[in-house]
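Below is one structure; the comments refer to it alone.
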Amino acid sequence: MTTYIIGDVHGYYNEFLYLLNKVNFNYKKDQLWITGDIIARGPDSDKILFYLYNIQESVKLVLGNHDLYLLALHSGIPNTGTIYDQKILELLANKKISIIVDNWLKYQPLIQINKEKKIIMTHAGITPQWNNIDILKSVSREVKNILISKNNKIFFASMYNQKYQINNWNNNKLTGFKRFNFIINSLTKMRYCYPDGTLEMITKGEPKNVSQLLKPWFLIPNDIYKKYTILFGHWSSLNGRYTPPHIMGLDTGCCWGNKLTMFSWENKKFYTKNCKI
């Protein structure tokens, strides 16, 4: 069995399939890890969802911020009218996609952990404020439980409400929607932190162009980073650079006309495919 880890696909089905064919991916024996944001921006989000749903037993997926937005709109919260909403609304107009959302996508976690391989995957990373594996398991379980609950619409409405946005874990003292939103921000939206680990949720550029008052989350010491290889996507402007050993950013900007990247864990080899927009 070979484990393949692929960065944010964003609906680029042809490029995605090219990489799988290049390594002769066999869903019956290989495993596919995906860093989230499988939909939106690209032309074939529906094909990506159909494909992954059909081989779901071979897929280890974490939800990204775009995937969560699809779940939010599916739950019935109002469309906010941003530039990519129309593509997501078109997905939800397809009853077969709604079935995939209800039966598979909403059950996907925010964190994947393999203790034998010593790898952890999230969409955006792991906040320096969480420094042991038990916290990661706990917060992932908390959010997964509310995503599949009957009250998920209330949760999704709070996720885009500014009054519930908070950037400090406060030593595990957060409760309610503020707690859930800190977890969501840390695992699906985070890029930079202040030196004390507090999240900074605005800046997106590559580190060489950013104030020294901020640090990429992965440059702030954390015991988890020493014990596991951390796999993440989300941050396309890194383009595979800047991270220390054992931390791998796999979003290389396919949806911006750059490339889609896949990594073979056992062979320690990268595969890429240029993308057209």
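No lab work stands behind these numbers, since they all come straight from the coordinates. Small disclaimer: the values here were computed from a predicted structure and weren't measured. Here the Cβ positions follow ideal geometry from the backbone for every residue, glycine too, while neighbour counts run over all protein chains shown.
Once Rh for region 1-119 is found with the Kirkwood sum over Cα pairs, what is the Stokes-Einstein diffusion coefficient at 20 °C and 1.002 mPa s, in µm²/s? Rounded to a whole number, D works out at 145 µm²/s. Farthest toward the dipole's positive end in the chain, which of Asn222, Trp235, Gln86, given Cβ charges of +1 (Lys, Arg) and -1 (Asp, Glu) about the Cα centre? The Cα lying farthest towards the positive end belongs to Asn222. About its Cα centre, the chain has a charge dipole of approximately 300 debye under the convention of +1 per Lys or Arg Cβ and -1 per Asp or Glu Cβ, with nothing else charged. Sorted on the mean count of surrounding Cβ atoms within 10 Å across their residues, most packed first, peptides 68-79, 229-240 read 229-240, 68-79. Taking the chain, the Cys residues with no second Cys beta-carbon under 4.7 angstrom are Cys193, Cys255. Principal axis extents of the C-alpha atoms in region 61-210 (largest first, rounded to whole Å): 45, 37, 31.
A Förster distance of 41 Å, applied to the separation of the beta-carbon atoms of Ile148 and Ser211, puts the FRET efficiency at 0.55. Of the trypsin sites (Lys or Arg not before Pro) in region 1-60, the ones in a loop by DSSP (not H, G, I, E or B) with at most 15 other beta carbons within 10 Å are Lys28, Lys29.
In straight Cα distance, which aspartates and glutamates are under 13 Å from Lys87, not counting same-chain residues fewer than 8 positions off? Of all the aspartates and glutamates, those that pass the test against Lys87 - Cα under 13 Å, at least 8 places apart if same chain - are Asp44, Asp46, Asp67. Net charge dipole, region 187-277: roughly 340 debye, given to the nearest 20, about the Cα centre with Cβ charges of +1 for Lys and Arg and -1 for Asp and Glu.
Using the average count of surrounding beta-carbon atoms within 10 Å as a protection proxy, the listed peptides 93-102, 124-133, 203-212 rank, highest first, as 124-133, 93-102, 203-212.
Charged side chains reduced to their Cβ positions (Lys and Arg at +1, Asp and Glu at -1) give region 79-156 a dipole of some 220 debye around its Cα centre.
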